[in-house]
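The values are calculated or read from the model by the stated rules, or taken from the named source; none is laboratory data. Being a predicted model, the structure only gives us computed values, none of them experimental. We place every Cβ from the backbone using ideal geometry, glycine too, and count neighbours over all the protein chains shown. Protein only, heavy atoms only, side chains kept; ligands, DNA and RNA dropped before computing areas. Shrake-Rupley method; radii C 1.70, N 1.55, O 1.52, S 1.80 Å.
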Amino acid sequence: MIFAAGLGTRLRPLTNDRPKALVELKGKTLLERVIERMREVQVERLVINIHHFADQVELFLKEKGDFGMDIVLSDERDELLDTGGGVLKARELFIPGKPVLIHNVDILTDLDLKALVRQHESREAYATLVVQQAVADRVLKFNHGILKGWENKRTGEQKIVDEGFYGATEFNYCGIQVLSPEYLKHIIHRGVFSIIDEHLAQAKEHPIELFRHDGRCLDLGTPEAIKKASNFRFNDL
């Protein structure tokens, strides 16, 4: 699944007349870049959620012949559901019994997606989140590789799974994850909600694991980030 429904408010004015997914980086849309990454791991079906300028995404995919893939749209035109609500709405569109790789459309990374999928499947993981060494204020806390909580270092707000929160290692979430069919079946929240809040709720009963990535993982959520990324070499991105 590709999260592509966001309003892209931080990307204005680039998103004044188009969805975030169709903002271009060196002549190629962010959506196309993530679709190409998904093709690398030979996903059987690709679900893309749409909301802001949804018609433009539909037309773009039609003109590209769905990139020769089985692409299904999860339509959130009526209400933007946030990341967790987006997964819940799309749940019936996924291939039954298969794990789901989810990638934010505005993430540019040299992450080895095949290695991520291999780890998730070899460990028969419940859920696997891609993380990096913490530099931003909002951190996920893992103890022995298992999610134990969330904290906003700037405000002091904490969301604690259990006592393993204390003394846990801090990481930043990279906007990429793999969820098992069991995780999808057990989604607790309803309506509009963050997938991070769902992870923290399910972590009380099930192990949410990490996949550490020490390479590049850039949030392309601002015009400044797009400009910075335009100077990168793209051989491995």
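In table form, for the structure just shown:
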read-out	value
Simple label model, 7 Å out from Cα along Cβ direction - Lys227 to Leu80, nm	2.4 nm
Inter-probe distance in nm under a simple model that places probes 7 Å from Cα toward Cβ, at Arg138 and Asp17	3.1 nm
Ranked order, Ile95, Ile188 - accessible area, probe 1.4 Å, largest first	Ile188, Ile95
Kirkwood Rh (inverse of mean 1/r, distinct Cα pairs), the stretch 103-181, angstrom	13.5 Å
Helix-only [θ]222 nm of the chain, DSSP H runs n ≥ 4, -39500 (n - 2.57) each, per residue, nearest 500	-7000 deg cm²/dmol
Sites matching GluC sites (Glu not before Pro) across the stretch 115-160 that sit in DSSP coil, with at most 12 neighbouring C-beta atoms within 10 Å	Glu124, Glu157
Sparse-neighbourhood loop sites, trypsin sites (Lys or Arg not before Pro) in the stretch 1-76 - DSSP loop, at most 16 other Cβ within 10 angstrom	Lys26, Arg45, Lys64
At 0.692 mPa s and 37 °C, Stokes diffusion of the chain via Kirkwood alpha-carbon radius, µm² per second	180 µm²/s
Distance violations [Cα-Cα > 32 Å] among Lys64/Lys228; Lys185/Lys228; Lys89/Lys159	Lys185/Lys228
10 Å Cβ shell holding at most 14 others, DSSP loop, chymotrypsin sites (Phe, Trp or Tyr not before Pro): longest site-free stretch of the chain	1-165
FRET efficiency, Glu92 to Glu24 (Cβ-Cβ, R0 22 Å, nearest 0.05)	0.10
Cleavage-rule hits (GluC sites (Glu not before Pro)) in the stretch 1-79: DSSP loop, at most 10 neighbouring Cβ within 10 angstrom	Glu44
DSSP beta bridges in the stretch 1-94 [antiparallel fraction, %, rounded to 5]	20 percent
Span from the the stretch 169-214 Cα centroid across to the the stretch 3-18 one, whole angstrom	25 Å
